[in-house]
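Notes follow the structure.
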Amino acid sequence: MTMLAALRRHWPEYLAEAAGLGLFMVSACLFGALLWHPASPAARGVPDGLGRRAVMGLAMGLTAIALIYSPWGRRSGAHLNPATTLTFWRLGKVSGPDAAWYVMAQVAGGLAGVLLAAGLVRPALAHPAVHYVVTAPGAGVAAAFVAEVAITFVLMTVVLHVSNTAPVAGLTGLCAGLLVAAYITFEAPISGMSMNPARSLASAAPAGAWADLWIYFVAPPLGMLAAAEAYVRRHGPGRVYCAKLHHDSGTRCIFRCRFGEMAAARPATTSMTAAVRPSV
């Protein structure tokens, strides 16, 4: 399938990816301004440090969960991250044209989200204390690089194990959101907690913060690809059933999907998926 043919057939999924990361960045920017701008009552009420990062982590973890289980997330698979898309392409679940369009949509959506937030609260978002919620090393370049590889390795390992295990497959989005919350709370002082090249670029571009951006372009794909390689070596490529973080059998799937085989083998998947699907 050519790039143009893929666009004609799968544009709703690409649009959903753009909207998903765009909304994630709007949330990150608004909560970042609320919690870190010196004039904000929330910033004065929640002391800087672990407590404030915990609030931010809770907000962004819930945002991620809501997006994954939303109609848009169920439609596109809620990658929202070029490193995730690249990993599923490497696993043979995403075609080349779809992967390319997903990455372009994620980059465009993330940047649009930051620009939209800037239009709403530009003075607060541009304040040095908020700085467009840029991701930047907090403990040196080497530590940030290693940390980004480690957290993305763990995230993709969890996603692959949970999403490809029938009784708990419906919990994949919840697990991913909990990891996002935990990483922001505890890991952010080391690397800034990106895990996502498009997310980091979306903040860096309007902020003009290009220093060390390469870390977030290289480390997250490296960590996720390493996790995929470890998973395949242990379980085999046949144990990767789909590229969606939350598979809704009532929604079109554009991937090289074998989710039905897992669902047929373990009927509990359907009930588990229904049980954890929130209203969004």
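The values are calculated or read from the model by the stated rules, or taken from the named source; none is laboratory data. The shown structure was predicted, so the numbers you read here are calculated from the model rather than taken from an experiment. When we count neighbours, we look across all protein chains shown, and the Cβ atoms used for this are built from the backbone with ideal geometry, even at glycine.
Observations, loosely collected:
- Unique match (being surrounded by fewer than 24 Cβ atoms within 10 Å (Cβ to Cβ) and not small (Gly, Ala, Ser)) among His37, His79: His37
- With respect to the conditions (1) crowded, with 22+ Cβ neighbours inside 10 Å; (2) more than 27 Å from Phe186 (Cα to Cα), Ile68 falls short on a single one, namely (2).
- Contact map, segment 190-217: residues that are at positive phi paired with residues that are acidic (Asp, Glu) and part of a helix (DSSP H, G or I), Cβ distance under 8 Å, separation 6+ or inter-chain. Pairs shown: Met195/Glu148.
- Helices (runs of 4 or more DSSP H) (entirely within segment 139-225) containing at least 3 residues that are among the hydrophobic types (A, V, I, L, M, F, W, C), crowded, with 19+ Cβ neighbours inside 10 Å and touching a Phe, Trp or Tyr at 6+ places or on another chain (Cβ under 9 Å): 141-163, 197-207
- Count of residues meeting criterion [surrounded by fewer than 16 Cβ atoms within 10 Å (Cβ to Cβ) and assigned to a helix (DSSP H, G or I)] in segment 226-238: 7
- Contacts under 6 angstrom Cβ, first residue in segment 252-271 being of a type in the set (Val, Ile, Thr), partner at pLDDT 70 or above and outside any helix (DSSP H, G or I), 6 or more apart: none
- Here Arg74 fulfils each of the conditions (1) under 13 Å from the mean Cα position of the chain (by Cα); (2) under 21 Å from Gly170 (Cα atoms) apart from (1).
- Lone qualifier among Ala169, Ala204 - being modelled with pLDDT under 95 and in contact with a Ser or Thr (Cβ under 9 Å, 6 or more places away or on another chain): Ala169
- Looking only at segment 223-249, residues that are of a type in the set (Ser, Thr, Tyr) and farther than 19 Å from Ala99 by Cβ come to 1 in all.
- For His247: the one exception among (1) modelled with pLDDT of 95 or more; (2) in a loop (DSSP other than H, G, I, E, B): (1)
- Residues within segment 119-131 that are outside any helix (DSSP H, G or I) and surrounded by 16 or more Cβ atoms within 10 Å (Cβ to Cβ), tallied: 2
- Hey, Ala204 over 27 Å from Arg75 (Cα atoms) and touching a helix residue (DSSP H, G or I) at 6+ places or on another chain (Cβ under 8 Å) or not: yes
- Matching residues, segment 6-34, being aliphatic (A, V, I, L, M) and closer than 16 Å to Leu62 by Cα: Leu21, Leu23, Met25, Val26, Ala28, Leu30
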